[in-house]
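Taking it in order: structure first as structure tokens, then the write-up.
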Amino acid sequence: MASGPQLGSAAPDFTLPGGVLSGETFERADYRLSSARGRSVVLAFYPGDNTSVCTKQLCSYSSGMEAFEGLDADVWGISPQGVDSHESFARSFGLRMPLLADEGRETARAYGVSAPGIGVRRAVFLIGPDGVLRWKHVALLGATFRSLTTLTDRLSGIKDA
């Protein structure tokens, strides 16, 4: 298994199709990591839409969007399902962050979180406004996820650095 990017190194750039729920509209767009420079980005890789742990994780992050916004951070969910699946998932749970489709798992491989059998390991990468990887957590078993508090604490450390 590839180890993915190391802390303190540039986060691998990517462009993925995705969308975000804005009111009643699901706005589709391409998301490019390098275009987010100037803000921190939380990349939340998750195995699948509409699964119990993934739903809890993304609902938790969605409910904390104001905390992320207050730290000048964007949150992007990334999984192997297509954009149509993401739209259905976002609408079902009112998720407020962009959900990106990594159907070929190239981005998961670049970050070292592609896994045989399960597809993608649950993982979180915090990328600073300069595009440098500041913190990461990759789960061996996907039954738990990093809490909103853990992520906002780590982000405030990046912002104050």
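The values are calculated or read from the model by the stated rules, or taken from the named source; none is laboratory data. Everything numeric in this text was worked out from a predicted model, so none of it was measured. Quick reminder, even Gly has a Cβ in these numbers, built from the backbone with ideal geometry, and neighbours come from all protein chains shown. For the accessible areas, the whole protein counts, side chains as well, though only heavy atoms, and no ligand, DNA or RNA atoms are used. Shrake-Rupley method; radii C 1.70, N 1.55, O 1.52, S 1.80 Å.
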With every protein chain present, what is the per residue accessible area of segment 1-81 (1.4 Å probe, Å²)?
-> 44
The chain, dipole about Cα centre (Lys/Arg Cβ +1, Asp/Glu Cβ -1), debye to the nearest 20 = 500
Rounded to the nearest 500, what is the 222 nm mean residue ellipticity of the chain from helices alone, with -39500 (n - 2.57) per DSSP H run of 4+ residues and division by all residues?
-> -8500 deg cm²/dmol
Carbon plus sulfur fraction of accessible area for segment 1-133, probe 1.4 Å, in percent = 51
Given a cut-off of under 8 Å on Cα pairs at least six residues apart, what relative contact order in percent is computed for segment 19-98?
-> 44
Find the eigenvalues of the gyration tensor of the Cα atoms of segment 1-154, then list the square roots of 5 times those eigenvalues as equivalent ellipsoid semi-axes, largest first, in whole angstrom.
-> 20, 18, 16
Quick one: which residues, 5+ away or cross-chain, put their amide H under 5 Å from the amide H of W135? H built at 1.01 Å from N.
-> L126
Using Cα pairs closer than 8 Å and at least 6 residues apart in sequence, work out the relative contact order for the chain, in percent.
-> 31
Neighbours of F14 by Cβ distance under 15 Å: Lys/Arg at +1, Asp/Glu at -1, summed charge -2
The farthest towards the positive end of the charge dipole of segment 1-110, of the residues Q81, Q57, M97, given +1 on Cβ of Lys and Arg and -1 on Cβ of Asp and Glu, is Q57
